[in-house]
Each structure stands twice: as C-alpha cells, then as structure tokens.
Amino acid sequence: MAAVTEVSVPDLGDFADVPVIEIHVAPGDVVSQEDPLVTLESDKATMDIPSPAAGTVRELRVKIGDLVSRGSPVLVLDTEGAAVEPPPLTDQQEPPTLDAADPVAPEVDSAQGPAARSASMAAQDGAVAAPAGGPPVTALETGPPADFDGVHASPGVRRLARELGLDLTALSGTGPKGRITKEDVIAGVRGPAGGATAAVAAAAASAAGAGAAAAAGAGIPEVPAQDFSKFGPVEVRPLTRIQRLSGPALHRSWLNVPHVTHDDEADITDLDAYRRELDTTAKAEGYRVTLLAFLMKASVSALREFPRFNSSLTPEKDALIYKSYYHLGVAVDTPEGLVVPVIRDVDRKGVLELSRELGAVSARAREGKLTPADLQGASFTISSLGGIGGTAFTPIVNAPEVAILGVVRSKMAPVWDGSAFVPRLMLPISLSYDHRVIDGALAARFARHLCHLLEDVRRLVL
Amino acid sequence: MENQTAEVLVLGAGPGGYTAAFRAADLGKRVVLVDSEPTLGGVCLNVGCIPSKALLHAAKVIAETKEMSENGIAFGPPSIDLDRLRAWKEGVVGRLTGGLAGLARQRKVTTIRGYGRFTSPHELRVDLADGGATTVGFEQAIIAAGSQAVTLPFMPVSDPRIIDSTGALELAEVPRRLLVVGGGIIGLEMATVYHELGAKITVVELLDQLIPDADRDVVTPLAKRVGRQYENVYLKTTLTDVQATPEGLVVSFDGAKAPATDTFDRILVAVGRRPNGKLIGAEQAGVTVDDFGFIGVSKQMRTNVAHIFAIGDVVGQPMLAHKAMHEAKVAAEVAAGKNSYFDARAIPSVAYTDPEVAWAGATENEARAAGVGYGKGVFPWAASGRSLTLGRSEGLTKVLFDEATGRVIGCGIVGPSAGDLISEAALAIEMGADAADIALTVHPHPTLSETVALAAEAFEGTITDLYLPRRS
C-alpha cells in the first residue's frame with residue numbers, strides 16, 4: 001500500500017494568513033513532482049505550491065478563500081506506487097475519505113457521560129432526559145478555533161467574523177459598551193491586527209452589505225451607481241488581480257494619510273553625462289544604467305540625513321518607529337497593473353549593482369513572477385514616470401511608509417547662472433509625504449538635499 | 001428506481017433535514033432528501049409540534065369558555081366531536097407538509113421515500129417504501145435522522161392502551177383515567193389536551209418538580225394549576241410494574257405520596273427521546289456514534305468524518321425543532337463552502353401547557369451551578385393589567401443579569417403566551433443587551449410583553465408598577 005503524505009504550505013517568505021485563490025487538482029488526480037497544487041496570493045504576488053512528490057491526490061484540505069500560513073495542511077497525497085488504488089466508485093469521482101484520509105480521531109470523551117446517564121435514567125425511571133449532547137468534535141473546524149463566548153457582538157457580526165476567519169476574541173469593539181460592530185470587523189480584517197490581505201478586506205467590504213461606504217471608513221458616501229448603457233454602448237471588463245489588490249491598498253493610503261506634495265527640480269546635466277558613460281559600458285555587458293539607480297542612492301543619502309522620512313507611525317500613532325535599514329520600493333508598470341518590488345539594502349549597493357538588480361526585478365515583475373519576499377519591507381518608495389513624460393504629479397504615499405518620491409521626465413531648460421541663461425537638463429521631482437510625521441519645512445529641506453546630491457554626483461560617494 | 005447521485009445527501013426530512021436540504025439547494029448544490037415517511041416534515045410537523053398545538057388550541061378554547069362562565073359568559077358544557085377535531089388537526093398538518101413538498105419541488109430537491117442506511121463513506125442504500133432498493137452516491141451528507149420516544153422496558157409491549165406522544169396525538173379516544181409517565185414538556189402538553197377533553201389525569205415524575213429543566217419558581221404557577229385540575233401529580237415517584245388486565249392497566253408505583261398500585265385506562269409514556277444515531281448504518285460511513293446514539297459534531301456540524309455532517313436531535317439536547325433548523329443552515333452552508341458556525345447563545349424552550357412555561361439562556365439553577373454571579377428582576381403578572389384582563393394572575397417574568405457586565409444571561413416566563421414572549425429575551429441575550437437597554441425600550445401598554453421590560457425595571461430599581469424596598 002502506498003505511503004500517505006500530507007502536503008503543507010512550505011516556507012515561501014514572511015507571510016501568514018494568505019488566501020488560497022486557485023486549486024489546480026481534485027481528489028483522484030495523478031500529479032507529478034513540482035506540479036502546481038494550489039495558488040496562494042500574498043500582498044501583490046501569487047505563488048504556486050508545487051507537489052513535493054509524484055502521487056495521487058487523496059483529499060483536499062483547503063478550499064478557495066481559506067487563509068493559510070506556513071505549515072497549514074493543503075492536501076493528502078498518496079505517493080506513487082499507490083496508483084493501484086481501490087477501484088473508483090461507480091457514480092463517484094471522489095474516493096472514500098475514510099481510513100488514513102480522516103486521521104482525526106473522534107473525541108469520544110466524558111462529555112457524553114451526562115447525556116447517556118440522564119437519558120438512561122429517564123428510560124428506567126420516567127424522567128425527561130436532561131440537556132446534553134454528543135461527544136464534541138473540534139478538530140475539523142476550518143476557521144479560527146476561538147470560542148466567541150462572552151464576546152460582545154451581535155449574531156450578525158459573529159457570522160461576518162466567521163465568514164472572514166477573524167478571531168473576535170482578539171478584537172476590541174468601538175460600539176456602545178465595547179460592542180464589536182460590523183465596522184470593527186471590517187477594520188480588523190484590513191488592519192495590521194487582522195493580518196489578512198486586501199482581498200479578504202474587499203470581501204469584508206462586500207459582505208458588510210453596507211457596501212463601500214462602510215468599507216471606506218468613517219461614513220464616506222458612496223459614489224452612486226450609474227447605468228452607463230443609457231448613454232451609449234458599454235462593455236464591462238474585470239480588473240486584473242493586481243488591480244483588484246492594489247486598489248484597496250491605494251484607497252487605504254489615500255484616506256488615512258494626510259498628503260502634501262512638495263515639488264522641486266534638480267539640475268542633472270552633469271549626472272546625465274556620467275550616467276551615459278556608464279550606460280555605454282553596461283550595454284555591452286547586457287544591462288542598462290538608468291537615472292533610477294542614482295535616484296535610489298541619492299534617496300538613501302537623504303534618508304540618512306533626515307531619518308524621519310525612513311520611519312513609520314506606531315499603530316497607536318503616539319510614536320515613530322525609525323528604521324535602520326534602507327529598502328526602497330520601486331513602482332513598476334506591468335501589463336497587469338502597478339507593482340512595487342523592493343530593492344533591499346540600497347545603502348550597501350553601488351549604482352552598477354543596483355542597475356543590474358533593477359533590470360532583473362523589473363523583468364520578473366512584468367512576467368508576474370515576483371514572490372511575496374520581493375514585495376515586502378520597503379521603507380521609502382520611488383515612482384518614476386521619466387520614461388513617459390509629464391511635468392509634476394502627486395504620488396500616493398505607500399502607507400505605513402511616510403513619504404514617496406515621484407519623478408517625471410527631465411527636460412532642457414534655460415537656467416539663469418547669474419549672468420546669462422544657460423541650457424541645463426532639469427529633473428522635476430514631486431515628494432509626497434505624511435503630514436502627521438513630516439512638516440513642510442522638513443520636506444523642503446529633504447527635497448533640496450536630494451537635488452543637491454543629484455546636481456553633483458560626487459557628493460553621493462561622500 | 002435508478003441509482004442516484006447527490007452533491008449533498010440529507011438523511012431525514014424533519015425540520016432540520018428539510019431546512020438543510022433547501023438551504024443547500026439554494027446555495028447551488030444538487031440535493032437528494034431521503035425520508036421513510038410519506039410526507040415531509042418529520043416528527044415535528046406530522047406527529048409532534050404542529051398537531052399538538054392544534055389540539056392545545058382546542059384545549060385552550062374549552063378552558064377559557066369554562067372560566068368565562070364565572071364572569072358572565074356561559075356556553076354550557078362543550079360537545080366534543082373527536083372525529084372532526086382529528087380531521088381539523090390533520091388538515092393543518094396536511095397543509096404544512098403539502099407546502100413543504102411544493103418548496104422541495106421549486107428548489108428541484110429530489111426526495112426519495114424509503115429507509116436510508118449508509119453502506120460506505122460515500123453511499124447510502126435506501127430501502128424504498130414502495131419496495132425495492134436504490135443507492136444514493138454522495139459527495140457530502142447531512143444526517144438529520146432525529147429521535148424517537150423512549151420506551152420503558154417493563155411495559156407490556158403490544159398493548160394498544162400504552163401510547164407515546166404519537167399515539168396520544170392520534171386521538172383514538174378520550175380515556176376515563178389517563179396516566180402520564182414523565183412530567184416534562186411533552187407529557188404535560190398532552191395532559192393539558194386530554195384534561196380539557198375530559199380525561200382524569202395522573203402525572204408521575206421521577207424528579208422533585210415538573211419540567212425539571214426549568215427553575216422551580218417559573219414552574220410553580222403551572223404546578224399549582226395542574227395540582228388543582230388533575231387527579232394526581234406524583235413527584236419523586238417511579239413506576240415499578242405495569243400489568244395489563246381487561247379492566248385496565250394496573251400500575252405499581254414507588255413514591256412517598258403515590259399508592260402502591262392504581263388502575264388506568266391508558267398510559268402515555270413521555271420519558272424522553274432517544275437519538276436515532278445507531279439506526280442508520282453510520283458506522284459503515286465511519287461516523288462515530290456514542291453508546292446512547294448521539295453523533296458528536298463540531299461547531300460547524302461536522303462529524304468525525306469531514307464530509308459528513310449531523311444536525312438536530314441526533315447530535316444532542318435540547319431536542320428542539322428550532323435548534324435543528326439553525327444547525328441545518330450551518331451544515332448546509334459549510335457543505336457549500338461557507339465558513340458558518342453554530343454560535344447561538346440561547347436556545348429557547350417552551351412548554352405549551354396552560355399556563356405556558358418558557359425559558360432561554362441560563363436558568364438560575366444553571367447560573368448557580370456554574371458559579372456565575374447574577375442578579376434578577378422579577379415581575380409578577382398579578383400586577384399586569386393585561387394579564388388580569390385575560391382572567392389570569394399567576395404568571396411571572398424573571399430576567400437574569402450577569403452581575404459583572406449587567407447583560408441579560410437568561411430569562412424564564414410562565415403565563416399565557418409565555419412562548420411568544422421569550423423571543424425578546426433571546427434577542428437581548430444574542431445582542432448583549434443589559435437591563436437598561438430593555439427597560440428603556442418602550443413596550444406597548446397594556447401587553448404581556450411589557451412584563452419583560454418591567455422585570456428589567458425591577459432589576460434596575462426604576463419600576464413604579466410595583467413597590468420594591470430600596471436595594472442596598
């Protein structure tokens with residue numbers, strides 16, 4: 001008889017409670033090693049869990065929408081040699097799940113005692129059976145095992161929490177007398193305490209019935225629905241997965257962060273000449289040196305000088321968490337939508353190394369092959385539209401980061417040098433920041449410092 | 001019949017079974033519903049809750065007209081036509097079960113009439129009521145196999161004068177002297193009916209109070225009333241023997257106040273119900289059934305076999321239709337992939353006796369046993385204008401509050417329509433309401449529902465309809 005293996009979620013990076021979005025196999029399917037079994041979705045990436053061995057799928061332990069973490073059971077696999085399974089049932093696709101596939105031992109325990117005792121007493125003596133139940137079975141619960149006894153929440157709210165897999169015992173309520181409201185559940189799913197993804201939050205919003213108004217937070221009125229077909233032909237195309245995920249994240253940042261955008265411009269005439277030199281050499285080696293690598297180095301220098309820009313507010317919003325690392329998010333436009341891979345330890349890398357890494361990560365982003373690890377941990381973000389055009393824009397801070405640097409296309413402009421107008425290559429920059437953390441003067445200093453560095457690239461090495 | 005397949009098989013078409021089947025169908029599942037009876041609805045609709053309520057209504061009409069004669073409206077003694085009464089009761093049942101059949105058709109739920117037993121974790125064999133057998137293959141199953149009346153081992157097996165609740169509802173005759181074994185809800189409801197129809201009633205109960213699950217103070221008004229009405233109520237008494245003789249059933253008692261023997265024309269045995277867990281081949285499916293026939297389930301109503309659920313009487317007390325229906329929805333929703341749980345905090349119980357007795361959440365007995373610090377507000381219906389205008393004054397509304405949080409944790413009510421009043425308390429418990437929440441909710445006056453608010457006011461110390469010494 002074949003060996004039975006339980007396949008669980010491997011260590012795919014620092015994540016927890018990510019939803020299963022696709023299941024590629026069904027009980028009875030024969031799979032080879034490395035065949036994708038299920039697809040998980042974390043932050044803005046998806047990842048497949050490959051089969052660890054060849055075999056026959058015996059029983060699924062997850063369903064679409066389940067939240068899993070490292071070690072969560074995915075399915076039960078009969079490893080090969082087991083292909084000679086019991087003959088398929090006549091009318092069934094699904095094999096029996098008895099025996100090894102149901103390893104949960106029934107908990108026939110003492111709880112049945114009172115039932116049996118009182119009922120048998122009744123049988124002999126003429127009493128009504130006292131309240132009692134069968135033996136409890138708890139091991140098969142699919143949601144949080146938490147008992148909601150004593151939690152101050154109405155039945156509807158408890159059901160919503162069950163649907164969303166949220167543990168109400170870990171949530172504090174904002175309603176009268178600490179009652180946990182529907183809005184608390186939605187916030188709990190979205191917030192850091194809930195630890196769930198935007199997808200679940202979106203589900204929460206739609207499940208809440210009150211709709212986007214409740215989902216958006218404090219009573220923001222919803223845009224009324226319109227029947228556009230009254231005005232002309234229309235076509236509905238679903239958003240891509242990335243767009244569906246990034247939308248709520250952007251909305252959350254926009255609503256939570258009081259944004260100010262500070263514009264400045266840097267004279268990059270000399271920097272650009274230097275970059276071209278490097279790029280010519282690099283091209284021969286198969287990569288490109290872009291302005292972005294310099295912006296990253298300059299940003300790290302500015303972050304060191306102004307550490308508030310490399311901080312986050314605590315959840316209680318009464319303190320700042322200063323980060324001693326410099327991981328920069330880089331917004332990348334892909335056919336599926338906007339993704340923000342993270343380049344780690346930018347302070348320890350040179351322009352050429354950064355250029356190579358940017359090339360590689362951008363390629364992976366466009367192919368949709370980023371892993372959750374690629375997308376986590378940024379302390380500051382750069383969004384460059386330089387390849388396209390524009391004169392200025394307002395990037396949205398990627399909360400809980402506190403600032404984001406936007407750049408558009410540089411252009412030759414006449415600059416007064418004190419005696420004459422001279423043509424200089426000017427780069428407009430747009431720095432959006434969280435005004436709770438950074439005030440305008442500090443932002444102006446940061447932007448000036450950044451421009452100053454870009455204007456004389458030699459300072460970058462100081 | 002050709003073999004069938006189902007995405008969800010439901011075994012048993014009582015309130016739990018049909019609810020599970022309909023909910024699963026509404027969630028897009030292909031459902032097969034198996035039951036051995038000719039009509040849907042199970043014990044509740046066919047031989048339980050519904051026909052008994054029809055007869056209890058008849059009993060109430062008799063009782064009220066009789067009592068009203070003292071207040072100037074006299075009808076004379078009732079003329080009782082048992083055949084017409086039975087036909088009316090059956091008409092009510094037929095209307096409801098027919099409605100269920102229609103609901104099943106509209107949902108395209110396949111119903112199979114026959115006795116189902118599991119033969120494997122994915123197959124059920126059905127011995128068809130019309131002869132022959134068929135097999136239903138299923139992906140998931142919901143066991144809603146219910147319960148049946150417990151019989152007493154020393155009873156003469158086949159004597160037609162010994163009946164259970166089903167037999168009592170058949171209304172074959174009104175015996176001159178009826179012995180009701182078991183002073184619980186079912187026994188006392190049937191005693192209420194037969195008393196008003198003219199039988200002399202004797203009730204025998206093992207424990208020291210009627211309806212032992214409820215608090216004594218809530219049962220006392222009922223106990224007093226039936227103590228006056230019935231021939232005998234023997235508490236702390238057991239039957240030791242029954243001999244069938246042509247003259248009657250000679251019963252031997254063991255109890256302080258009971259005679260050694262007495263003779264009755266009929267005996268109604270209502271000593272509890274036994275789950276049907278052992279009668280369905282559950283072990284062939286790998287489902288664990290305990291010695292008494294209960295099937296253990298999780299809060300998602302799963303048995304130890306992940307794709308087989310169980311609900312209703314077969315999973316434990318209280319054996320009540322409304323509990324089964326809520327469990328049914330959980331099971332059907334989980335089977336359809338939803339993350340539902342049975343999270344209820346209060347399952348109301350109602351005895352439709354006269355007066356009715358109803359309770360929800362914790363009783364005082366339970367709160368004391370659990371060591372919960374509680375306070376209570378009590379409102380006697382003697383101070384309720386509405387109750388007095390019904391010609392009744394013995395009722396009582398008692399609400400229990402958690403001392404730490406002030407929230408409602410339980411409620412007991414006795415009096416006419418108590419069963420309809422208890423829902424407010426159940427909602428209060430589920431919503432986490434406290435005394436002020438109920439007391440400050442404007443209740444219409446004069447009503448019986450007002451008594452719930454007045455009990456809360458009594459706890460709060462804001463009541464003016466009673467004079468209560470100031471609480472220290």
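Just so you know, all these numbers are worked out from the coordinates, no wet-lab data involved. Please read these numbers as outputs of a predicted model, since none were measured by experiment. Glycine gets a Cβ as well: all are built from the backbone with ideal geometry, and neighbour counts include every protein chain shown.
Rounded, prolate or oblate, given the Cα gyration tensor of the range B:235-376, with a/c below 1.5 counting as rounded? Judged from the Cα gyration tensor, the range B:235-376 comes out oblate (a/c at least 1.5, b/c at or above a/b). Put simply, the amide H of B:Arg30, placed in the peptide plane, has neighbours under 5 Å in B:Glu7, B:Val8, leaving out anything fewer than 5 places away on its chain.
Would you mind checking which residues have amide H under 5 Å from B:Phe309's amide H? H placed 1.01 Å from N; only 5 or more apart, or other chain. For B:Phe309, whose amide H was placed from the backbone, the distant partners under 5 Å are B:Ala141, B:Ile142, B:Ile143, B:Thr303.
Taking the DSSP beta bridges with both ends in chain B, the antiparallel portion is around 60 percent. For a straight C-alpha distance cut-off of 27 angstrom, the lysines reachable from A:Lys369 (same-chain residues fewer than eight places away being disregarded) are A:Lys44, A:Lys63, A:Lys283, A:Lys297, A:Lys349.
Show me B:20-28, B:400-408 ranked by packing, highest mean number of other Cβ atoms within 10 Å first.
Going by the mean number of other Cβ atoms within 10 Å, highest first, we get B:20-28, B:400-408.
Where nothing but the Cβ of Lys and Arg (+1) and of Asp and Glu (-1) is charged, how large is the charge dipole of chain B around its Cα centre, in debye to the nearest 20? Kindly include the intermediate steps, with their values, before the conclusion.
Numbers: 44 positive and 55 negative charges, 102 e Å.
The calculation lands at about 500 debye.
Note on chain B: dipole from Cβ charges, positive end direction compared against B:Gly419, B:Leu222, B:Thr237; the farthest Cα belongs to B:Gly419.
Which value, in debye to the nearest 20, describes the size of the charge dipole of the protein assembly as shown about its Cα centre when Lys and Arg Cβ atoms bear +1, Asp and Glu Cβ atoms bear -1, and nothing else is charged? Show your work: numbers first, answer last.
Values: 86 positive and 114 negative charges, 345 e Å.
Using Cβ point charges on Lys, Arg, Asp and Glu, the protein assembly as shown gives about 1660 debye.
Among the GluC sites (Glu not before Pro) found in the range A:240-336, those both in a DSSP coil and sparsely packed, with 14 or fewer other Cβ atoms within 10 Å of their Cβ, are A:Glu316. The calculated P(r) of the protein assembly as shown, using every Cα pair and 10 Å bins from 0, goes 2, 10, 16, 18, 16, 13, 10, 7, 5, 3, 1, 0, 0, 0 in percent.
With all pairs of different alpha carbon atoms counted, what Kirkwood hydrodynamic radius in Å does the range B:349-460 show?
On the way: mean 1/r = 0.0735 Å⁻¹.
Answer for the range B:349-460: a Kirkwood hydrodynamic radius of 13.6 Å.
Loop-located trypsin sites (Lys or Arg not before Pro) in the range B:125-181 (DSSP state not H, G, I, E or B) with no more than 14 neighbouring Cβ atoms inside 10 Å: B:Arg176.
Per-residue mean of other chain beta-carbon atoms within 10 angstrom of the beta-carbon, peptide B:285-295?
Working: counts 2, 7, 2, 7, 4, 11, 6, 11, 4, 8, 5.
Partner Cβ neighbours, averaged per residue: 6.
Ordering A:Leu338, A:Ala447, A:Gly377 by Cα displacement along the dipole of the range A:259-461 toward the positive end leaves A:Gly377 in first place; charges were set at the Cβ atoms of Lys, Arg (+1) and Asp, Glu (-1).
In plain terms, the residue of B:Arg266, A:Arg275 with the fewest other Cβ atoms within 10 Å comes first and the most crowded comes last, giving A:Arg275, B:Arg266. When both bridge partners sit in the protein assembly as shown, DSSP labels roughly 70% of those beta bridges antiparallel.
Of the residues A:Tyr287, B:Tyr18, A:Tyr322, the one with the fewest other Cβ atoms within 10 Å heads the list, and the complete ranking is A:Tyr322, A:Tyr287, B:Tyr18. Given the range A:302-396, what percent of its DSSP beta bridges are antiparallel, to the nearest 5? Of all bridge pairs located within the range A:302-396, approximately 75 percent are antiparallel.
Name all residues of the range A:413-434 having a backbone nitrogen under 15 Å from the label point set 7 Å from the Cα of A:Thr394 along its Cα→Cβ direction, giving them as ranges. Flagged as within label range: A:430-434.
Could you order peptides A:443-455, B:224-236 by the average number of other Cβ atoms within 10 Å of their residues, highest first? Can you show the working numbers first?
Values: A:443-455: 19.2, B:224-236: 16.6.
Descending packing order for the listed peptides: A:443-455, B:224-236.
Considering only B:Ala306, B:Ala191, B:Asn276, the residue lying farthest towards the positive end of the dipole of the range B:182-327 is B:Ala306, judged by Cα position with unit charges set on Cβ. Judged by the mean number of other Cβ atoms found within 10 Å, the most tightly packed of the peptides B:334-340, A:255-261 leads the ranking B:334-340, A:255-261. Peptide B:240-248 is shielded by partner chain Cβ atoms: per residue, an average of 0 of them sit within 10 Å of its Cβ.
Per-residue Cβ neighbour counts within 10 Å put B:Met155, A:Met47, B:Met301 in the sequence B:Met155, A:Met47, B:Met301, beginning with the fewest. Legend: mean number of C-beta atoms from other chains within 10 angstrom of residue C-beta atoms, peptide B:299-309, equals 6.
Taken about its Cα centre, the range B:349-460 carries a charge dipole of about 200 debye when Lys and Arg each add +1 at the Cβ and Asp and Glu each add -1 at the Cβ.
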